[in-house]
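A short write-up of the structure that comes next.
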Amino acid sequence: MNILEVQDLCKTYGTGETEVHALKHVSFSVRRGEFIAIIGESGSGKSTLLNVIGALDGATSGRVWIDGQDIFSMPEKKLTVFRRQHIGFIFQSFNLIPELNVEQNITFPLLLDYKKPDQQFVDELLQVLGLDERRKHLPGQLSGGQQQRVAIGRALVTHPALIMADEPTGNLDSRNSREVLALLQSMSARYQQTILMITHNQNHAGAADRVFRMTDGVLKDLGVTSR
């Protein structure tokens, strides 16, 4: 089953001489549980694509379906709730709340919707992420790699249809980068979690099941990796 369908997606900024075509008729689909990497240089359009698919920005034309839902047909209020409940985000900057401890940061998206966390699943996440002994620590008491693990847990806690990872290793050293990529692989396999990751590092893309390249707003499928 395809969890993500993107059809003829275009994004244009400006008009006339200042017009920039950031996305040019992008179409692709992602099956449930796939780990997809999109590689490309800075300015190639990959971050724009992530923002449009994640409903953080609008499209000039085209359609996007996530878990069978046409996200561009939703009114803004419904889209905000859908994004919070069905899309998990992992950014280069960890975006943790400094006053909340590890466990509170992970469960925060559920509390926004007045949902009681599944404590068994939260405990499992903390264990799998190697954060069980850090659950009461504040972000300022953690290393960069540990903070990104918290961000991964926060993205997973709602059982989202899709996780969007924007350069998730960009602020990490090589060892922590490898650990975070291994965790994303593990989460994809363990929970059949669908992940869409963008990166400028072709070596990091090797962690994914399938790789695309973005060049000047055009997306090309490079096929299945050999991992």
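The values are calculated or read from the model by the stated rules, or taken from the named source; none is laboratory data. A quick note: this is a predicted structure, and the numbers were derived from the prediction, not measured. Cβ atoms come from the backbone with ideal geometry, glycine included; neighbour counts cover every protein chain shown. Side chains are part of the model used for accessible areas, which takes the heavy atoms of the whole protein and leaves out ligands, DNA and RNA. Shrake-Rupley method; radii C 1.70, N 1.55, O 1.52, S 1.80 Å.
Does residue 66 qualify as being under 18 Å from the mean Cα position of the chain (by Cα) and at pLDDT 95 or above?
yes
Exactly one residue out of 47, 29 is under 16 Å from the mean Cα position of the chain (by Cα), crowded, with 17+ Cβ neighbours inside 10 Å and among the polar types (S, T, N, Q): that is 47. Note on segment 161-178: residues that are surrounded by 17 or more Cβ atoms within 10 Å (Cβ to Cβ) and out of contact with any Pro (no Cβ under 9 Å at 6 or more places or on another chain) total 11.
Residues that are open to solvent by less than 60 Å² (accessible area, probe 1.4 Å) and either on the phi > 0 side of the Ramachandran plot or not in a helix (DSSP H, G or I) (or both) within segment 96-136 comprise 96, 97, 100, 101, 113, 117, 129, 130, 131, 135, listed in sequence order. Contact map, segment 62-84: first residue under 23 Å from residue 31 (Cα atoms), second residue exposed (fewer than 11 other Cβ atoms within 10 Å of the Cβ), Cβ cut-off under 7 Å, separation 6 or more or different chains; pairs are 84/113.
Cβ-Cβ contacts under 9 Å between residues 6 or more apart (or on different chains), taken from a first residue in segment 164-178 that is at pLDDT below 90 to a second residue that is of a type in the set (D, E, K, R) and in a loop (DSSP other than H, G, I, E, B), are absent. Among the candidates 39, 90, 3, the residue that is under 13 Å from residue 196 (Cβ atoms), buried (at least 19 other Cβ atoms within 10 Å of the Cβ) and out of contact with any Ser or Thr (no Cβ under 7 Å at 6 or more places or on another chain) is uniquely 90.
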